[in-house]
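The values are calculated or read from the model by the stated rules, or taken from the named source; none is laboratory data. Because the structure is predicted, anything quoted here is derived from the model rather than measured. In this analysis, Cβ positions are derived from the backbone assuming ideal geometry, glycine residues included, and neighbour counts consider all displayed protein chains.
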Amino acid sequence: MSKPRLQTFGEGFAARKVIAQAIDYPDGTHEIAHVHHRAQLVYATSGIVRAVTPLGLWMLTPGNALLIGSQIEHELHMVGQVSMRTLYIEPDSLSPQDHECRVIPVGDLLRASILGLFDAGSDEAGESRAALIVPLVLRLLQDAEEGPHAARLPLPVNTRLRNICESLIAQPASNDTLERWADRVGASSRTVARLFRQETGMSFGQWREQLRLAEAMSRLSVGHAVAQVAQDLGYADVRTFTVMFRRAFGSTPAQFVQRFRERGVV
């Protein structure tokens, strides 16, 4: 495996606690594995972002951001047209995190503060405005509660299991059995089952179901039809999908979509 890229920003930005960068991505864009000296807040105002680290897959729906720790290797996958507004934060400006990444709900004040950094402009007045906004953003990030646990799916370190998981991420509708996957990676089904529990805390079936539900949550949040999501993710029918979704999230897919519509997201 090639060594991940280290992304830097040059001496001109070294003194800034927060560097704001706006990037628009077409559907299917993939940023290869890389690391930053700074922590990174990944926030998309539209589209879905998947972030993959050595230990987890993070699914970001609208209304949530991901704070990636300094020096954490990660790659990003874009689903749909993604408008990303990302902040690169000097590590000393934040308290140490308990985990490599943290999902952060983006409420109205944090959203306005993030977007305000991009509206500030580069003239003297804009720099002065940004100097007022940055401490607010840092405080809001510091005080933010943990976002939904469903946004994170643990990934195994074992190479054979990792290959299975990456194949399922690419094709979540696959209903191939554990035995068939084990044959493909040259291991016994018993070994694969044991390693899945050991490295992810879940059975193979539970992990695949969590992947599908995370995918469903992301697709629904950007306007995909419930029936289409159920079909694309390998469910037998809409009813089966609805039962699994309600069991995981406490609401039906239609109720989930309605909440997003009320917030003006879908």
Please work out if Q198 is surrounded by fewer than 14 Cβ atoms within 10 Å (Cβ to Cβ) and either out of contact with any Asp or Glu (no Cβ under 6 Å at 6 or more places or on another chain) or under 20 Å from I48 (Cα atoms) (or both).
-> yes
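Yes/no per residue for (1) at pLDDT 90 or above; (2) surrounded by 17 or more Cβ atoms within 10 Å (Cβ to Cβ); (3) within 22 Å of A112 (Cα to Cα):
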{"residue": "L6", "(1), (2), (3)": "no, no, no"}
{"residue": "G10", "(1), (2), (3)": "no, no, no"}
{"residue": "A14", "(1), (2), (3)": "no, no, no"}
{"residue": "V18", "(1), (2), (3)": "yes, yes, yes"}
{"residue": "H36", "(1), (2), (3)": "yes, yes, no"}
{"residue": "L41", "(1), (2), (3)": "yes, yes, yes"}
{"residue": "V49", "(1), (2), (3)": "yes, yes, yes"}
{"residue": "V52", "(1), (2), (3)": "yes, yes, no"}
{"residue": "L57", "(1), (2), (3)": "yes, yes, no"}
Check whether at least one residue in segment 70-91 is in contact with a Phe, Trp or Tyr (Cβ under 7 Å, 6 or more places away or on another chain), part of a helix (DSSP H, G or I) and either surrounded by fewer than 14 Cβ atoms within 10 Å (Cβ to Cβ) or at pLDDT 90 or above (or both), and report yes or no.
-> no
Is there a residue being within 28 Å of G28 (Cα to Cα), in contact with an Asp or Glu (Cβ under 9 Å, 6 or more places away or on another chain), in the same structural domain as E31 (by TED's automatic domain parsing) and not hydrophobic (A, V, I, L, M, F, W, C) anywhere in segment 104-117?
-> yes
The correct count of residues that are loosely packed, with under 13 Cβ neighbours inside 10 Å and either part of a loop (DSSP other than H, G, I, E, B) or not assigned by TED's automatic domain parsing to the domain that holds L141 (or both) in segment 20-34 is 3
Does E124 satisfy the condition of being out of contact with any strand residue (DSSP E or B) (no Cβ under 9 Å at 6 or more places or on another chain), farther than 23 Å from H224 by Cα and not hydrophobic (A, V, I, L, M, F, W, C)?
-> yes
Taking L168, is it in a helix (DSSP H, G or I), surrounded by 15 or more Cβ atoms within 10 Å (Cβ to Cβ) and touching a Lys or Arg at 6+ places or on another chain (Cβ under 8 Å)?
-> yes
S174, sole failed condition from (1) outside any loop (DSSP other than H, G, I, E, B); (2) within 28 Å of H74 (Cα to Cα); (3) of a type in the set (S, T, Y) | (1)
Find all pairs meeting these conditions: Cβ atoms under 8 angstrom apart; at least six residues apart or on different chains; first residue within segment 186-205 and on the phi < 0 side of the Ramachandran plot; second residue surrounded by 15 or more Cβ atoms within 10 Å (Cβ to Cβ) and basic (K, R).
-> A187/R160; V192/R160; L195/R160
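Could you check segment 35-53 and list, in sequence order, the residues that are closer than 24 Å to R219 by Cβ and part of a strand (DSSP E or B)? Talk me through it step by step, then tell me what you get.
At the first step, the residues of segment 35-53 found to be closer than 24 Å to R219 by Cβ are 41-53.
L41, V42, A44, T45, S46, G47, I48, V49, R50, A51, V52, listed by residue number.
When residues of segment 151-194 are filtered for being aliphatic (A, V, I, L, M), within 18 Å of the chain's Cα centre (by Cα) and more than 17 Å from Q206 (Cβ to Cβ), how many remain? Walk me through how you get there before you give the answer.
The initial filter retains those residues of segment 151-194 that are aliphatic (A, V, I, L, M), namely 151, 153, 155, 157, 161, 164, 168-170, 173, 178, 182, 185, 187, 192-193.
Checking the rest, the ones that are also within 18 Å of the chain's Cα centre (by Cα) come to 151, 153, 155, 168-170.
Filter once more, so that each one left must be more than 17 Å from Q206 (Cβ to Cβ): 170.
The qualifying residues number 1.
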